[in-house]
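Accompanying notes for the structure given below.
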Amino acid sequence: MSIKLKLYKKIYLIRKTEETIQKYYCENEMKTPMHMSLGEEAIVAGVCEVLNKEDQVFGTHRSHALYLAKTEEIDLFFAELYGKETGFAKGKSGSMHLSCPKYGFMGSSAIVGGNFAMAVGAAFANKYKNNNKVVVVFFGDGAIDEGSFWESMNIACLMELPIIFVCEDNGLAVYTNDGKRHGYKSISNIISKFNCNIVKSESTDTEEIYNITKNIIEKMKKNNQPSFMHLKYYRYLDHVGVNEDFDLLYRNKKEFNDWIERDPIKILRNKLLIEINENLIIQVEKEINDKISNSIKIAKKSLICDIKELYKDVFCE
């Protein structure tokens, strides 16, 4: 299978899974807030396709796309969103606390900047064990406003840890643009002062993100320095929820329309059409659509876990 087709399967799975959430969320059976990932598919798919299964990723409150890109698993995913006992956390985690360690998805945090220290700790453990695992921590540009980012970046560079910091920059922290938050013009210029590899891109071409990631991991393994990837994208929907938010007037529809012309699905599908027959693409899309429909049916039929489960997997000193 060509790398383009592999990548397309990832981004199509992410897009259709989230569109399915949009379709069913109004039924009020998914008892969890939704921070949707539409628009960022190229970043997570491109990065995760380079990683090995054993490599570890850490996400944020907006991690549907990351979970799906790393695991390509949807049965546990949908069961969790529906709060069912067949979910990976028996329905207790919901949308913002996804995890699937057996696939290298170590967890996501609803605390902005809450995943940095955990990811750096995992990278330190991997270096200590000399197991060749790579850690990738994903975050929005709003998380850079947290002190934990700078502390984590500093120690990762100082200790030469095998970690990639991936900034998914949509220019927003909820509804506040970066010009109202940052006392500087360029994140990349500041990070370039650290002892790390750095790359910046505004591409929404999944294959291009894949190649960028492949090159930076090769570079990491040669110079033993962590890496920072500053990647731009556009958030299609509201900060939280399954709807658009242009009525709030903090951004305009023209900006959306400009980005939709560079939609990751559109770009990669057009590239595939040059190489393979469209019937093959349609077949792949149908298989994914059927898989998602089946997962929804299974999730809806599954049981909600016993209330006693609320007292399990809880730790205190």
Just to be sure, is residue 67 in contact with a Cys (Cβ under 9 Å, 6 or more places away or on another chain), of a type in the set (Ser, Thr, Tyr), closer than 30 Å to residue 275 by Cβ and at pLDDT 95 or above?
-> yes
Positions within the stretch 250-288 being out of contact with any Phe, Trp or Tyr (no Cβ under 9 Å at 6 or more places or on another chain), farther than 29 Å from residue 178 by Cα and either in a helix (DSSP H, G or I) or among the polar types (S, T, N, Q) (or both), in sequence order = 270, 273, 274, 275, 277, 278, 279, 280, 282, 283, 286, 287
Which listed residue is farther than 17 Å from residue 65 by Cα, surrounded by 11 or more Cβ atoms within 10 Å (Cβ to Cβ) and aliphatic (A, V, I, L, M), from 274, 265, 292, 260 | 260
How many residues of the stretch 1-47 are under 15 Å from residue 68 (Cβ atoms) and free of Cβ contacts under 8 Å to residues at least 40 places away in the same chain? The answer is 2
Could you figure out which of (1) in contact with a Cys (Cβ under 7 Å, 6 or more places away or on another chain); (2) hydrophobic (A, V, I, L, M, F, W, C); (3) in a helix (DSSP H, G or I) isn't true of residue 88?
-> (3)
Have a look at 149, 124, 138 and point out the one that is surrounded by 19 or more Cβ atoms within 10 Å (Cβ to Cβ) and in a helix (DSSP H, G or I).
-> 149
Hey, any hits in the stretch 74-94 for a residue that's within 14 Å of the chain's Cα centre (by Cα) and polar (S, T, N, Q)?
-> no
Filter the stretch 223-255 down to residues that are of a type in the set (A, V, I, L, M, F, W, C) and buried (at least 17 other Cβ atoms within 10 Å of the Cβ) and give me whichever is farthest from residue 163 (Cα to Cα).
-> 242
Inside the stretch 1-36, can you point out the residues that are of a type in the set (A, V, I, L, M, F, W, C) and under 14 Å from residue 205 (Cα atoms)?
-> 3, 5, 7, 11
Examine the stretch 231-242 for a residue that is out of contact with any helix residue (DSSP H, G or I) (no Cβ under 7 Å at 6 or more places or on another chain), assigned to a helix (DSSP H, G or I) and not β-branched (Val, Ile, Thr), and state whether such a residue exists.
-> no
Hey, any hits in the stretch 174-194 for a residue that's among the hydrophobic types (A, V, I, L, M, F, W, C), out of contact with any His (no Cβ under 9 Å at 6 or more places or on another chain) and more than 30 Å from residue 25 (Cα to Cα)?
-> yes
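How about the stretch 260-305: which of its residues are hydrophobic (A, V, I, L, M, F, W, C) and within 19 Å of residue 22 (Cα to Cα)?
Residues satisfying the conditions are 260, 265, 288, 292, 296, 298, 299.
Can you name every residue in the stretch 158-173 that is of a type in the set (Val, Ile, Thr) and farther than 16 Å from residue 39 by Cβ?
163, 164
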Of (1) under 19 Å from the mean Cα position of the chain (by Cα); (2) more than 20 Å from residue 169 (Cα to Cα), residue 142 satisfies every one except (2)
The stretch 13-68: number of residues that are outside any loop (DSSP other than H, G, I, E, B) and either among the polar types (S, T, N, Q) or surrounded by 24 or more Cβ atoms within 10 Å (Cβ to Cβ) (or both) | 22
Being more than 10 Å from residue 55 (Cβ to Cβ) and either hydroxyl-bearing (Ser, Thr, Tyr) or in contact (Cβ under 8 Å) with a residue 40 or more places away in the chain (or both) is the filter here, so list the residues in the stretch 132-146 that pass it.
-> 137, 138, 139, 140, 141, 143, 144
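Among the residues of the stretch 179-214, write down those that are part of a loop (DSSP other than H, G, I, E, B) and crowded, with 19+ Cβ neighbours inside 10 Å.
196, 203, 204
A quick yes/no check of all residues on (1) closer than 30 Å to residue 1 by Cβ; (2) touching a residue at least 24 places away in the same chain (Cβ under 8 Å):
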position	(1), (2)
239	no, yes
244	no, no
249	no, no
254	no, no
267	yes, yes
275	yes, yes
307	no, no
311	no, no
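The values are calculated or read from the model by the stated rules, or taken from the named source; none is laboratory data. Quick caveat: nothing in here was measured; it's all calculated off a predicted structure. Cβ: placed from backbone, ideal geometry, glycine included. Neighbour counts: every protein chain shown.
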